[in-house]
Structures are given as structure tokens and as C-alpha cells.
1. Quick check on Asn81: is it at pLDDT 95 or above, exposed (fewer than 12 other Cβ atoms within 10 Å of the Cβ) and over 21 Å from Gly149 (Cα atoms)?
2. Among residues belonging to region 234-260 that are among the small types (Gly, Ala, Ser) and not in a loop (DSSP other than H, G, I, E, B), point out the one that is surrounded by the fewest Cβ atoms within 10 Å (Cβ to Cβ).
3. Going by what's in this entry, would Tyr67 be described as open to solvent by less than 70 Å² (accessible area, probe 1.4 Å), over 30 Å from Glu259 (Cβ atoms) and touching a residue at least 12 places away in the same chain (Cβ under 8 Å)?
4. Which ones in region 27-43 are open to solvent by less than 70 Å² (accessible area, probe 1.4 Å) and over 27 Å from the mean Cα position of the chain (by Cα)?
5. I'd like the full set of residues that are closer than 18 Å to Leu117 by Cβ and either free of Cβ contacts under 8 Å to residues at least 40 places away in the same chain or not in a helix (DSSP H, G or I) (or both), limited to region 73-83.
6. Search region 125-144 for residues that are open to solvent by 50 Å² or more (accessible area, probe 1.4 Å) and pair each with any residue that is in a helix (DSSP H, G or I) when their beta-carbon atoms are under 9 Å apart and the residues are at least 6 apart or on different chains.
7. Is it true that some residue in region 88-107 is in contact (Cβ under 8 Å) with a residue 60 or more places away in the chain, assigned to a loop (DSSP other than H, G, I, E, B) and within 21 Å of Gly11 (Cα to Cα)?
8. Which of the following residues is at pLDDT below 95, touching a helix residue (DSSP H, G or I) at 6+ places or on another chain (Cβ under 8 Å) and either open to solvent by 30 Å² or more (accessible area, probe 1.4 Å) or closer than 23 Å to Tyr67 by Cβ (or both): Arg187, Arg173, Arg167?
Amino acid sequence: MILSFHPCFVGDKNLLCAGREPGAEDLAAIKASDAVILPQGCYPSLYEMANNHCPNVFPNFNARFKYAGKVGQAQLFKETNVEHPKTETYLSIDDFFEHSRNCSTRLPFDFPFVFKLDWGGEGNQVYLIESYEKFETALRIAKSFEKSGQTGFLLQEYIPSQNRSIRVAVIGRTLISYWCIQKNIRRFGTNLAKGAVVDSDVDKDLQSFAVSSVQDFCKKTGINLAGFDVLFSSEAEVNTPIFLEINYYFGRRGLGGSEKFYEILNAEINRWLDNLGLALGH
């Protein structure tokens, strides 16, 4: 039996777990299943339940939950030895000040550098820090979030990239790449939500390089559903893909919209099932 918790993939049995923790009915269905299909927005508790009680689970979110948030991603990039911006991570404001008291300099990077809270998508909670005043403002923002229980941030070296980055969308074995180009030179960030535009045709060789690097990374980590943001430094003598971020819940505009995304996703789930020797209705 194929059990689907995904609202856009029809299994032999279908359950929705949106907005709630999984319960006894979900556990019984998982235990009776040959494979479980999960939504991108599933809770860690649902993933853990499925992973512990069914041998086949799609997507593979092991890395997502083991290396949670942007702080966790920085650790994953380090452990897998992929090129990424130099990064310092902090669990809290107090952690930062404790660390800075033990260092000869207060800040690990020269201006400008990047300040990222541990969460947020589409360029939200990411700031280009060009002065002490802007850094102190970012710390105040982090402090206000800490009061609500949201903690953690990182400082990262700034990589000049001509205001563009490559998004590599991984959907099963399908990888799709395109450039996100910010044409407003006064705006920091290449997110489409911040005014960047999609270009799938420019610099195909760099896109292929990024796709190949992401593919290798996914083989190491098991990731099979995510959007990767990759940079190429505009000042480096040799082009090297620089891993910036992993987005497990990513936009679909560059893929042709939600309908196209779900078309690809359904095809990839069916291919995954076929490779396991499983099929719906059996």
C-alpha cells in the first residue's frame, strides 16, 4: 500500500496532517504501508514517525531535520566539504557576546558582511551589514525575535556576484536550473520576491557546473527535494560553485508555476516507486 500525506499526490490511502501533530491513526497507516509520501511542509514528528516505521519515505528529509535552519546548513556544508561562504554561527545574542569577549576582534569579518537569522525564506531576515550601526540594528532585530523563542543567527562573508545567483531545483532525479538576477543595483539579494528576474538562458556553462555540484552534494546527503542557491564570485580567478543556502520549501515561479512543479513532482514520485518495485493499487 502506498500512503500519501501529500494533498497533490493520490496514494492507495490518503491522509492530511497539516496543522496538527500525527496520531494513532497516522501511525497505524504508516505501519501498514510499503511507502509513504510526505508534503514539503511536514512536521519533524511526522517525518520521524514515517522514517521509523516504514522502509520507504519520500522525500528524504534526514539532512533537513538533522541540520535544521541556516545554522544547521552551515554545519552541513562544512562537514561535506563543499565550497561555501566563510560563516560564524551563534545560538543566541548572549552566545555572540560570549564568543566576542574571547576573541581579539569583536567581528569576524570586515564590512560588508551578511547577517542572517536562522530562519526565513525569500530573502527575509537577511541583511547586508556595512557599518557598526547596521550591525547593532540587526542585533536588536535578533533580540526581539529571541523574546518570542526564535533564536540563532549567523554572520557570513559577503561574496560579490554581480547581483545574481543560480537556483538549482532538485525534484527527485530531475534538476532544473536558472539564474535569479537582481537588476536594481541598490537592492541586496537575488530573491524573486525582492524583485529579481528569472533567466534560464544566460551562462549555461555555469548553470551546468552548479547542477553537477548540487547533484554530487545530493548523492552524499540523500536530499531529493529542495531548492539550492549557488553563487559564483565575480572576483575569483577560477569559477567555483559556492553553496549559499538550501530551501526545502521553495518557490515555483522559475519552474513554470505550481502546476508544472506538481506535474514534475508526481512523475518523480512514480519513478521513485517504480525503482522500488512498488505501484499504486498493489
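The values are calculated or read from the model by the stated rules, or taken from the named source; none is laboratory data. The shown structure was predicted, so the numbers you read here are calculated from the model rather than taken from an experiment. Backbone-built Cβ (ideal geometry, glycine too); neighbour counts: all protein chains shown. The protein model used for the area step is the full one, side chains on, heavy atoms only, and it has no ligands, DNA or RNA in it. Shrake-Rupley method; radii C 1.70, N 1.55, O 1.52, S 1.80 Å.
1. Details: at pLDDT 95 or above: yes; exposed (fewer than 12 other Cβ atoms within 10 Å of the Cβ): yes; over 21 Å from Gly149 (Cα atoms): yes.
For Asn81, the condition - at pLDDT 95 or above, exposed (fewer than 12 other Cβ atoms within 10 Å of the Cβ) and over 21 Å from Gly149 (Cα atoms) - is met.
2. Quick first cut of region 234-260, residues among the small types (Gly, Ala, Ser) only: 234, 236, 251, 254, 256-258.
After this cut, where a residue has to be not in a loop (DSSP other than H, G, I, E, B) as well, the list is 254, 258.
On the way: Gly254: 22, Ser258: 13.
Among those that are among the small types (Gly, Ala, Ser) and not in a loop (DSSP other than H, G, I, E, B), it is Ser258.
3. Details: open to solvent by less than 70 Å² (accessible area, probe 1.4 Å): yes; over 30 Å from Glu259 (Cβ atoms): yes; touching a residue at least 12 places away in the same chain (Cβ under 8 Å): no.
For Tyr67, the condition - open to solvent by less than 70 Å² (accessible area, probe 1.4 Å), over 30 Å from Glu259 (Cβ atoms) and touching a residue at least 12 places away in the same chain (Cβ under 8 Å) - is not met.
4. First, the residues of region 27-43 that are open to solvent by less than 70 Å² (accessible area, probe 1.4 Å): 27-30, 32-42.
Listed by number, the residues that qualify are Leu27, Ala28, Ala29, Ala32, Ser33, Asp34.
5. Of everything in region 73-83, just one residue is closer than 18 Å to Leu117 by Cβ and either free of Cβ contacts under 8 Å to residues at least 40 places away in the same chain or not in a helix (DSSP H, G or I) (or both), namely Gln75.
6. If the second residue must be in a helix (DSSP H, G or I), the pairs left are Tyr127/Lys134; Tyr127/Phe135; Tyr127/Thr137; Tyr127/Ala138; Tyr127/Ile141; Lys143/Ile93.
7. First, pick out the residues of region 88-107 that are in contact (Cβ under 8 Å) with a residue 60 or more places away in the chain: 88-92.
Retained after the next criterion (residues that are assigned to a loop (DSSP other than H, G, I, E, B)): 91-92.
Filter once more, so that each one left must be within 21 Å of Gly11 (Cα to Cα): none.
No, region 88-107 contains no residue that is in contact (Cβ under 8 Å) with a residue 60 or more places away in the chain, assigned to a loop (DSSP other than H, G, I, E, B) and within 21 Å of Gly11 (Cα to Cα).
8. Working: Arg173 fails: at pLDDT below 95; Arg167 fails: at pLDDT below 95.
Within the list Arg187, Arg173, Arg167, the selection yields Arg187.
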